[in-house]
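Report on the structure given below.
The values are calculated or read from the model by the stated rules, or taken from the named source; none is laboratory data. As the structure is a computational prediction, the values presented were derived from the model and not from experiment. Glycine gets a Cβ as well: all are built from the backbone with ideal geometry, and neighbour counts include every protein chain shown.
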Amino acid sequence: MKTIAVIDGQGGGIGSFIIRALRESFGESVEIIALGTNSTATSAMLKARANKGATGENAIVWNTPRVDIITGPLSIVLANSMLGELTARMAEAVSSSPAKRMLLPLNQEHVEIVGVAREPLPHLIEKLAARIREEINV
């Protein structure tokens with residue numbers, strides 16, 4: 001069984017949306033770990049049906065090398081993003097993980113990804129779920 005870490009912060013809305021889409025696509029055939037930068041984000045993602053959840057810097061640093069896929073907004077690789085919730089150590093852990101990283105190209109934190117077409121979040125989530133399905137051959 002593949003393990004997918006969903007990382008989010010602030011209110012956990014994007015992470016929750018990702019988890020609901022993954023559950024719709026894969027049911028219980030994948031394990032989803034919700035990793036929140038704060039307890040509100042983790043709680044929201046657990047309500048979206050993550051299997052497990054953990055909060056904070058150490059949880060992200062400890063879990064990222066132990067999963068198959070990491071997903072979330074692009075800001076999870078940007079130190080001090082999410083209004084400072086995402087620490088440099090968290091960004092380094094995500095960037096250094098041997099896991100496949102599939103990030104949503106949401107233009108925020110004064111970072112713009114040039115050459116990426118702007119699409120509504122629901123369309124990006126659909127593409128993300130399809131790409132993860134390709135990756136794990138389900």
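A few remarks follow.
- Checked against the criterion of being closer than 17 Å to residue 129 by Cα and among the hydroxyl-bearing types (Ser, Thr, Tyr), the candidates 16, 43, 75 yield just one match: 16.
- Failed item, numbered, when residue 79 is tested on (1) crowded, with 20+ Cβ neighbours inside 10 Å; (2) under 22 Å from residue 10 (Cα atoms); (3) of a type in the set (A, V, I, L, M, F, W, C): (1)
- Of all the residues in segment 22-45, those that are surrounded by fewer than 19 Cβ atoms within 10 Å (Cβ to Cβ) and closer than 21 Å to residue 11 by Cα number 5.
- Picking from residues in segment 59-74 that are of a type outside the set (Val, Ile, Thr) and in contact (Cβ under 8 Å) with a residue 40 or more places away in the chain, the one that is surrounded by the fewest Cβ atoms within 10 Å (Cβ to Cβ) is 66.
- Among residues of segment 81-138, those that are among the small types (Gly, Ala, Ser) and either part of a loop (DSSP other than H, G, I, E, B) or out of contact with any helix residue (DSSP H, G or I) (no Cβ under 6 Å at 6 or more places or on another chain) (or both), counted: 9
- Criterion (modelled with pLDDT of 95 or more, under 10 Å from the mean Cα position of the chain (by Cα), assigned to a helix (DSSP H, G or I) and more than 19 Å from residue 89 (Cβ to Cβ)) met by exactly one of 43, 16: 16
- In segment 28-48, the residues that are over 15 Å from residue 67 (Cβ atoms) form Cβ pairs under 6 Å with partners that are acidic (Asp, Glu) and part of a strand (DSSP E or B), at six or more places apart or across chains, as follows: 41/8.
- Matching option when the condition is of a type outside the set (Ser, Thr, Tyr) and surrounded by 17 or more Cβ atoms within 10 Å (Cβ to Cβ), among 88, 99, 130: 99
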